[in-house]
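Down below is the structure, laid out as structure tokens.
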Amino acid sequence: MIKTDICVIGGGSAGLSIAAGAVQMGADTVLVEAGKMGGDCLNYGCVPSKALLTAGKVARSWKKSPEFGVNYEAPAVDFQKVHDHVKAVIADIEPHDSVERFESLGVKVIQAPGQFVDAKTLKAGDATIQARRFVIATGSRAMVPPIEGIENVPFLTNESVFDLTDLPKKIIVVGGGPIGCELGQAFRNLGSDVSIVEMASIMPKDDPDLISVIRDRLEGDGISLLEQTKVLSASKTVEGVSLRVETNGEQREINGTHLLLAAGRIPNLEKLGLEAAGVNYERQGITVDKGLRTSNRKIYAAGDVTGGYQFTHMAAYDAGIIIRSALFRLPAKVSYNAVPWVTYTDPELAHVGLSETDAKKQGVQYKVLNWSFADNDRARAERRTEGKIKVITSQKGKILGASIVGLQAGELILPWGLALSKGMKIGDMANVIAPYPTLSEVSKRVAGSYYTESLFSDRVKKVVRFLAKFG
Ligand SMILES: Cc1cc2nc3c(=O)[nH]c(=O)nc-3n(C[C@H](O)[C@H](O)[C@H](O)COP(=O)(O)OP(=O)(O)OC[C@H]3O[C@@H](n4cnc5c(N)ncnc54)[C@H](O)[C@@H]3O)c2cc1C
């Protein structure tokens, strides 16, 4: 029997942040992890996907090189070595999330699945744990969509795709969200034939204006994008897999050597004993209030398992809220008005705050400001002029949201998040001194465009001419 201040179930992005924070602030902390420390992000998500994408970018770079007067031949991809590179990146980060590190911080780590037996008690392996506060941070996994015959075909998910040691000849990706588009592009750049099948439009949570830039790039690079397309059934073939799909009422077969499912996520709720613990949940995740407490006030939930924003940085954000509430008894509450997200395709797509669609839905009076990467000297020098920034402000110039598609959009979004969380006005961004020539200038210029009409108006011209008369 272990009695502790805080017991965290799940050692992924959310659980590790909470455990590390809690123990370093003096709380007796137990961490229960059923699988690999680091969870999805380190082992099957952010880290391997970015490592694979980078390998893909390197493989593709030769195509652009003649534009710079540099010629080299198409690369030979050794996929076993690409695999090794991905695993080496994971191994490099692993110590930070390891049992050894957490134990050295003072956390008691139990490597077994955790299950509540009543409202106050968790069983994990041989241990019975009673904690003043529990945190459920068991994450999510790839959903297997209800496709006829899917149980009879071999398929990959984010948990198995990074174990491939041979480059797929032809990979069909089901799901055109960020994960599907990122992995589809990575495999295409490395030399696979790629089809992405998406029921709606690709990346449906982002601004359609900006997505068109990504769509052009994916299709331009030879990915077959099947949008508004439903997968009806799947069957095994000698080569691999065949899918029967339907687009606008028309059916056809598409074939591949590999099938990757990236059609959404489901929370890891099974076998947690939630009923015994008195924790309510729905299909999309554990129900939490704004303080991330569940229906059992002594149990919190954080990260993907709540079905909210499923990003590593949001899991870490949840951790901060829970630490303030559970350890310091402060009335901490989540605020989602400045949540950023990035899709790491090339070009990247980044967003924070209110989108134009949200503004319309909420009946907010708003202004839209646009600035193109084609008008940015650094983007010209890099020959990467595809892309734009779009900013939503109130009528009085308060910054409400920003979206960027283009080179390094993910790096460019940060000041907009700061502006939102500090309630800044567009003038604050317009007045900043941006170093020249940087891509960051797009932020200053788009902000400046708010004033173009009034600044270069007939009224201003009259005032300037009038004042000139006084010498
Ligand atoms: C391919 C891919 C790419 C991604 N890329 C990005 C990105 O670029 N940026 C970004 O912000 N996010 C990205 N994400 C999302 C990100 O990985 C998740 O939002 C994040 O990992 C969620 O953290 P978590 O702690 O909630 O869950 P997880 O990281 O999944 O951790 C949950 C842990 O709980 C353990 N567990 C489950 N059940 C039990 C149990 N009963 N007892 C004990 N332990 C249990 C699991 O083994 C797991 O280790 C990506 C996801 C995928 C799949």
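Numbers below:
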{"item": "Qualifying trypsin sites (Lys or Arg not before Pro) in region 234-330, DSSP loop, other Cβ atoms within 10 Å at most 16", "result": "LYS271, ARG283, LYS290, ARG297, LYS298, ARG329"}
{"item": "Cα-only Debye scattering, region 389-471: base-10 log of I(q)/I(0) at q = 0.14, 0.17 Å⁻¹", "result": "-0.55, -0.72"}
{"item": "Relative contact order %, the chain, counting alpha carbon pairs below 8 Å whose residues are six or more apart", "result": "14"}
{"item": "Of every Cα-Cα pair in region 242-307, the percent that sits beyond 14 Å", "result": "67"}
{"item": "Percent of C-alpha pairs per 5 Å bin, region 1-137, short to long", "result": "2, 10, 17, 16, 13, 10, 8, 6, 6, 5, 4, 3, 2, 0"}
{"item": "Given the chain, longest segment not containing exposed loop chymotrypsin sites (Phe, Trp or Tyr not before Pro) (DSSP; at most 14 other Cβ within 10 Å)", "result": "73-335"}
{"item": "Whole-number D in µm²/s for region 196-354 (Stokes-Einstein; Kirkwood sum over Cα pairs; 37 °C, 0.692 mPa s)", "result": "173"}
{"item": "Quarter of the Cα convex hull surface for region 150-264, i.e. its orientation-mean projected area (nm²)", "result": "7.0"}
{"item": "Two-site label geometry, ILE266 and ARG465: point separation in nm, points 7 Å out along Cα→Cβ", "result": "7.2"}
{"item": "Region 1-105: GluC sites (Glu not before Pro) in DSSP loop, at most 13 other beta carbons within 10 Å", "result": "GLU73"}
{"item": "Of GLY320, PRO48, PHE155, farthest towards positive along the dipole that unit charges on Lys, Arg, Asp, Glu beta carbons give the chain", "result": "GLY320"}
{"item": "Span per principal axis, largest first, for the Cα atoms of the chain (Å)", "result": "88, 60, 44"}
{"item": "Amide H within-cut-off set for ILE196, under 5 Å, with H built and near neighbours excluded", "result": "VAL173, SER224, LEU225, LEU226"}
{"item": "Residue among TRP416, PRO208, GLY15 farthest towards the positive dipole end of the chain, charges placed on Cβ", "result": "TRP416"}
{"item": "Whole-Å distance, taken between Cα centres, linking region 378-429 and region 40-105", "result": "28"}
{"item": "For region 146-214: relative contact order, % (alpha-carbon pairs under 8 angstrom, 6 or more apart)", "result": "29"}
{"item": "Restraint check, LYS87/LYS108; LYS360/LYS390; LYS230/LYS361; LYS390/LYS425, Cα-Cα greater than 18 Å", "result": "LYS87/LYS108; LYS230/LYS361"}
{"item": "Sequence-distant lysines (8 or more away, or on other chains) whose Cα lies within less than 22 Å of LYS81", "result": "LYS50, LYS57, LYS63, LYS169, LYS170"}
{"item": "Rh (Kirkwood; distinct C-alpha pairs) - region 52-123, Å", "result": "16.7"}
{"item": "From the C-alpha gyration tensor of region 340-455, square roots of 5λ in Å", "result": "22, 17, 12"}
{"item": "Convex hull projection area averaged over all views, region 102-198, Cα basis, nm²", "result": "10.6"}
{"item": "Region 129-216: trypsin sites (Lys or Arg not before Pro) in DSSP coil with no more than 14 other Cβ atoms inside 10 Å", "result": "LYS169, LYS205"}
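Taken together, the values in this text are just the output of simple stated rules run on the coordinates, not laboratory data. These numbers were taken from a predicted model, which means no experiment stands behind them. All Cβ positions, even for glycine, are placed from backbone atoms using ideal geometry, and neighbour counts span all protein chains on display.
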